[in-house]
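This report concerns only the one structure given below.
The values are calculated or read from the model by the stated rules, or taken from the named source; none is laboratory data. Given the structure is predicted, the values throughout are model-derived calculations rather than measurements. Ideal geometry is used to build each Cβ from the backbone, glycine not excepted, and the neighbour counts take in all protein chains shown.
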Amino acid sequence: MKRILGTAKGQKTRCRRESMLLYAVTDRTWLGDATLAKQVGAAIKGGVTFIQFREKHLDKEAFIREAKEIREVCMNYQVPFVINDHADIAAAIDADGVHVGQKDIDALDARRILGEDKIIGVTARTVEQALRAQEHGADYLGVGAVFQTNTKADAVEVKRDTVKAICEAVDIPVIAIGGIGEDNVLQLAGNGLCGIAVVSALFARPDIEQAARNLKRLSEKMVNQ
Ligand SMILES: Cc1ncc(COP(=O)(O)OP(=O)(O)O)c(N)n1
Ligand SMILES: Cc1ncsc1CCOP(=O)(O)O
């Protein structure tokens, strides 16, 4: 069932649709001599509108240290900053929110941990999951993998019809993720998406700022087509 949410006067919007246009998910795989903070800075300069800190191989101490550094960069540029999986760490370092999957804590529990003002993103691969997440207070949905990806070993493909059905079913912003690059962004047009989430199409590129510029332009075109 559709629920009217959003931007009416006096209503709280934790998550503006414009911030979902180009959502970057961090990954240290391609760091080389750079720092993640530098890479994230370049991505934001190029037009990234949202950052998710997703690091699967750091111990807790390094995770928190690095997350605080990236939070600082995002604060300087006033770009929303969420943490993947760990609502407790998001609360501890005062991140803007958390992104959780179907195997992580539920949005209701994340909301209990983070409070009313923080952003909660949820991964959804079916309309049922999407509606449940919305009902449980999710602020946006990440849907994917929409294309083949080498970045997430256990990624499951979500068909285009399902992406469209999810966008039609919910009122919160929906972004696509998984295997998205400059060559295929426009294939996502016409489904009701608010933007794209990318990892390798940014962080594996030698010129991250330029890659962000290109992806932002394409995402805008995709959303408005
Ligand atoms: C924006 C966005 N969408 C989907 C995901 C995937 O989340 P999840 O299913 O929890 O998988 P992991 O990221 O934990 O591997 C995401 N991270 N971001
Ligand atoms: C985190 C995640 N969730 C579904 S696919 C994916 C990885 C996307 O990475 P890439 O943009 O490099 O394909």
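Observations on the model:
- Filter result for the condition that a residue is at pLDDT 95 or above, outside any helix (DSSP H, G or I) and either surrounded by fewer than 24 Cβ atoms within 10 Å (Cβ to Cβ) or more than 16 Å from ligand 1 (Cβ to nearest atom) (or both), over ASP183, ASP161: ASP183
- Filtered by the rule that a residue be among the β-branched types (Val, Ile, Thr) and buried (at least 19 other Cβ atoms within 10 Å of the Cβ), the range 116-148 gives ILE119, ILE120, VAL122, THR123, VAL143, VAL146.
- Test: residue in the range 172-179 that is more than 19 Å from ALA24 (Cβ to Cβ) and in contact with a Phe, Trp or Tyr (Cβ under 9 Å, 6 or more places away or on another chain): yes
- Consider the range 135-148 and keep the residues that are under 20 Å from ALA189 (Cβ atoms) and modelled with pLDDT of 95 or more. The one that is nearest to ligand 1 (Cβ to nearest atom) is GLY142.
- Which numbered condition ASN191 misses (of (1) within 14 Å of ligand 2 (Cβ to nearest atom); (2) within 17 Å of MET222 (Cα to Cα); (3) polar (S, T, N, Q)): (1)
- Against the criterion of being over 15 Å from ALA201 (Cβ atoms) and surrounded by 14 or more Cβ atoms within 10 Å (Cβ to Cβ), LEU36 qualifies.
- Yes/no for ILE177 being modelled with pLDDT of 95 or more and away from ligand 2 (no atom under 14 Å from the Cβ): no
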